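These notes are about the structure you will find just below.
What follows is calculated from the coordinates using simple rules that are stated; it is not laboratory data. Just so we're clear, the structure is a prediction, and the values are computed from it rather than from any experiment. Here the Cβ positions follow ideal geometry from the backbone for every residue, glycine too, while neighbour counts run over all protein chains shown.
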Number of protein chains: 2
Amino acid sequence: MMRPFRSLISLEEALEIVKGAINPIARTEDILISDANGRVLAEDVIANMDVPPFDRAAMDGYAVRAEDTYGANQFNPMTLKLIDVVRAGEISKKKVGANECIQIATGCKMPPGADAVAMVEHSEQCESKIKLFKPVHPEESVSGKGEDISAGSPVLGVGECLNPSRVGTLAALGIQKVRVYERPEVAIVPTGSEVANLGCELKNGQVYDINSYTLSAIVRESGCIPVKFDVAPDNYEDVRNAMVNALKYDMVVFSGGSSVGESDILCDVIQELGGILFHGVQIKPGKPILFGVVRDKPVFGIPGYPTSCLSNGYRFLLPAVRQLAGLPKRKDIVVRSKLAQRVVSTLGRSQFLTVRLEDGFAHPVFKESGAITSMADADGYVDIPANVDLLEKGEEVDVILL
Amino acid sequence: MMRPFRSLISLEEALEIVKGAINPIARTEDILISDANGRVLAEDVIANMDVPPFDRAAMDGYAVRAEDTYGANQFNPMTLKLIDVVRAGEISKKKVGANECIQIATGCKMPPGADAVAMVEHSEQCESKIKLFKPVHPEESVSGKGEDISAGSPVLGVGECLNPSRVGTLAALGIQKVRVYERPEVAIVPTGSEVANLGCELKNGQVYDINSYTLSAIVRESGCIPVKFDVAPDNYEDVRNAMVNALKYDMVVFSGGSSVGESDILCDVIQELGGILFHGVQIKPGKPILFGVVRDKPVFGIPGYPTSCLSNGYRFLLPAVRQLAGLPKRKDIVVRSKLAQRVVSTLGRSQFLTVRLEDGFAHPVFKESGAITSMADADGYVDIPANVDLLEKGEEVDVILL
């Protein structure tokens with residue numbers, strides 16, 4: 001399956017290969033619903049009770065027997081006897097008989113005998129008599145027991161992602177804990193003898209590990225748990241050891257070590273333990289990305305240059321970890337803007353162009369793959385397709401927010 | 001400042017009032033950059049080092065003295081003596097003299113003497129001789145020390161929200177901890193004698209507390225910490241006590257207790273301790289929303305019906321807590337869809353219409369403010385302006401995802 005490095009595949013083809021190689025996580029855990037927003041249901045939720053749990057008033061008004069109101073109009077009101085007043089949270093112990101009514105607040109349980117609520121707006125009170133100027137039909141302004149959700153009916157299904165309204169739905173059913181898929185753990189392994197762990201003094205010729213932090217943030221905001229490794233030096237033994245340790249997790253991401261010379265080690269390790277599915281994609285920056293499967297675990301090799309890494313993080317890792325977590329495809333936040341300057345792209349390469357949004361314009365901030373300011377100044381990116389080689393100044397583009 | 005309940009203000013006016021009453025949090029904390037994604041910077045970040053920290057090769061190739069390559073072309077290559085090979089992470093101890101070169105990997109520190117990198121692609125190696133077929137100019141394919149970011153220059157500013165690329169930027173500068181604004185704490189107080197805490201058995205006429213869970217989820221995903229209170233019964237004493245306890249936090253949200261009769265208690269408590277800024281907005285559902293300020297803390301009273309609460313949560317609470325956290329206005333994720341059915345709205349009321357996205361259509365799921373299924377089935381909502389009373393089946397609408 002190894003592809004020679006110089007034969008690049010298209011972005012779309014590469015994404016399809018990744019998609020085909022990832023199995024969503026199957027492990028589950030039971031968590032409190034107050035922690036469940038954003039998580040993915042691992043069980044169908046069946047209503048264990050009726051909602052509402054009893055017939056209740058849907059309006060502030062008078063609980064009546066509908067038949068007692070028939071014929072009422074502006075000139076001939078029906079007069080009912082007020083026998084009780086029920087405020088929020090209260091229950092009447094009385095029964096509504098013929099030509100009687102009970103004042104009731106929205107949400108209160110309907111008293112026995114009554115089958116409708118007459119609105120305050122269409123009534124007049126004189127001491128303990130209520131005049132109604134409009135008839136009501138049976139069940140008017142009443143939410144029937146189980147009308148919204150009846151016990152035993154399906155409410156939410158496996159694979160649904162919980163949002164605030166669905167968390168509220170669980171509460172409505174009295175559910176305190178819910179079974180969700182675990183957050184997958186993603187090993188992030190920086191490599192390169194020139195890369196120093198944060199907190200260490202830089203030795204001559206070294207730079208700090210940037211990519212693990214960028215990638216960890218992407219992984220975390222995509223519903224997974226990043227497990228950051230220390231920097232692995234560029235040699236077979238260390239890279240192989242790191243790989244073996246990293247395979248304990250659900251996915252493995254190496255950063256650095258996938259460009260021409262360096263990539264040899266990671267390639268060799270992947271091929272010894274598993275297989276490479278592609279190496280090199282028609283994108284810019286980030287071309288030398290490497291993807292394979294080792295012991296059923298997807299493994300990425302992402303080039304070390306920070307903007308290449310950022311670009312691969314959004315284009316490949318983000319959809320991959322969301323799929324792993326059982327989350328739907330990310331819905332990008334897109335801001336339509338005008339380009340502040342002309343942009344030349346490379347035919348045959350999908351370009352990930354970082355931009356800053358300012359004064360309603362998208363200002364390209366990409367300098368070169370190694371530049372940190374290409375990242376620091378970026379609010380989002382413009383995806384320039386492989387068949388486009390020029391975007392004019394002032395042209396409208398979709399900026400996908402980071 | 002008290003407005004009579006029946007005089008409703010517009011949604012826009014109400015949102016302006018809320019905006020004017022909120023002061024972004026000033027408390028700060030120092031956190032690890034690995035925890036800082038999504039947080040708001042409380043300090044300017046000034047580069048404490050040059051990036052790159054040394055002159056480095058921007059390409060794989062040969063470190064040369066540019067002047068030695070002048071005049072090279074396809075037919076008359078310049079021949080240089082290869083005196084060393086520097087792989088990633090290595091440093092050459094040699095100096096490049098006249099007509100000498102050192103093989104160098106991308107990212108490596110430039111050896112003394114050399115001022116440019118000649119690309120491998122334009123060269124040929126014969127044992128320890130390198131033939132170059134193209135001249136290079138000084139600094140070609142070299143990233144100069146501090147060229148990207150020079151020590152002492154500003155990199156990120158107070159108030160910027162950290163995203164993965166900005167977290168990576170901090171790492172590039174060797175920064176391990178960063179000062180951010182604390183996440184504000186928002187007290188969420190369910191009220192109503194008919195409301196039971198989750199985990200308690202429902203008494204006759206009771207329903208479970210739904211709204212604290214919905215609102216907590218919205219608060220948490222908007223960069224704040226929800227502090228959920230137990231249900232406060234509908235009486236002056238209990239509501240006042242809850243208010244006094246809740247005022248320890250940065251914002252207070254009461255749910256339930258803001259519709260006609262019930263609202264009296266919360267209104268009275270707010271007026272005793274502070275002031276009401278509005279009560280009642282031209283929206284549907286959620287009209288009886290109440291907003292005031294007590295001891296400099298913004299206080300919301302959100303109606304108890306679950307969909308009213310959800311709607312107010314997105315329309316009022318979400319922008320308010322983001323402002324409190326120092327976060328920019330939420331960039332909504334919008335999906336343009338066709339309405340699956342005709343929708344009648346109320347003139348003079350901005351409607352929050354919950355919809356489910358299915359088969360490319362937006363299916364309205366709103367039944368009534370009390371219905372849980374209006375929430376459970378919702379993927380997003382359509383904001384119908386106050387001056388629109390009808391949307392036709394098949395009409396294109398913007399669905400804002402929940």
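See the values below:
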read-out	value
Amide H partners (placed H, <5 Å) of residue A:38, local residues excluded	A:162, A:163
Spatial separation of Cα centroids for the range B:151-230 and the range A:35-113, in angstrom	36 Å
Estimated Rh, the range A:116-181: Kirkwood, alpha-carbon pairs, angstrom	15.8 Å
With Cα atoms, 0 to 90° folded angle of helix B:236-246 axis to chain B main axis	10 degrees
Nearest-first distances (nm) between copies at residue B:248, label 7 Å from Cα via Cβ	4.0
Under 5 Å, built H, 5+ apart or other chain: amide partners of residue A:232	A:191, A:192
Averaged over A:157-164, number of beta-carbon atoms from partner chains that fall within 10 Å	4
Average projected area [Cα convex hull, the range A:8-49], square nanometres	5.1 nm²
Packing-based exposure ordering (other Cβ within 10 Å, fewest first) of B:279, A:122, B:137	B:137, A:122, B:279
Rounded to whole Å, sorted largest first: equivalent-ellipsoid semi-axes of the protein assembly as shown, Cα gyration tensor	64, 25, 23
Inter-label distance for residue B:296 and residue A:125, nm, one decimal - labels placed 7 Å from Cα along Cα-to-Cβ	4.3 nm
Amide H partners (placed H, <5 Å) of residue A:196, local residues excluded	A:207, A:208, A:209
In order through the range A:173-180: 3J(HN,Hα) via Karplus (6.51 cos²θ - 1.76 cosθ + 1.60), integer Hz, x for Gly, Pro	8, x, 7, 9, 10, 9, 8, 10
Normalised per residue, the volume of the convex hull around the Cα set of the range B:334-401 (Å³)	71 Å³
Residue-wise HN-Hα coupling along the range B:115-126, computed from phi with Karplus coefficients 6.51, -1.76, 1.60 (Hz; x: Gly, Pro)	10, 7, 10, 9, 6, 3, 4, 9, 9, 9, 10, 10
Ordering of A:316-328, B:75-87 by burial proxy (mean other Cβ atoms within 10 Å per residue, highest first)	A:316-328, B:75-87
Over the range B:1-140, volume per residue of the alpha carbon convex hull, in Å³	217 Å³
With Cα atoms, 0 to 90° folded angle of helix A:211-220 axis to chain A main axis	20 degrees
Inter-copy spacing of residue A:30 label points, which lie 7 Å from Cα along Cα→Cβ, given in nm from shortest upward	4.3
With 10 Å bins from 0: P(r) over the range A:91-219, alpha-carbon pairs, percent	9, 22, 15, 14, 12, 8, 8, 8, 4, 0
Peptide B:169-181, shielding by other chains (average Cβ, 10 Å cutoff)	5
Residue-averaged [θ]222 nm for chain B, counting only DSSP H segments that reach four residues, each worth -39500 (n - 2.57)	-5500 deg cm²/dmol
Chain A - share of DSSP beta bridges that are antiparallel (%, nearest 5)	70 percent
At 0.692 mPa s and 37 °C, Stokes D of the range B:150-204 from Kirkwood alpha-carbon radius, µm² per second	205 µm²/s
Residue-averaged beta-carbon neighbours from other chains (10 angstrom radius) around B:87-95	5
Estimated FRET transfer efficiency when R0 is 41 angstrom, pair residue B:176-residue A:332 (beta carbons, to 0.05)	0.85
Position residue A:127, label points 7 Å along Cα→Cβ, spacing to each other copy in nm (shortest first, one decimal)	12.7
Helix axis angle, A:260-273 relative to chain A longest principal axis, alpha carbon, degrees	70 degrees
Neighbour-count ranking [beta-carbon atoms within 10 angstrom, fewest first] of A:28, B:106	A:28, B:106
Residue of chain B whose Cβ sits closest to the axis mapping B onto A, with distance in whole Å	B:333, 3
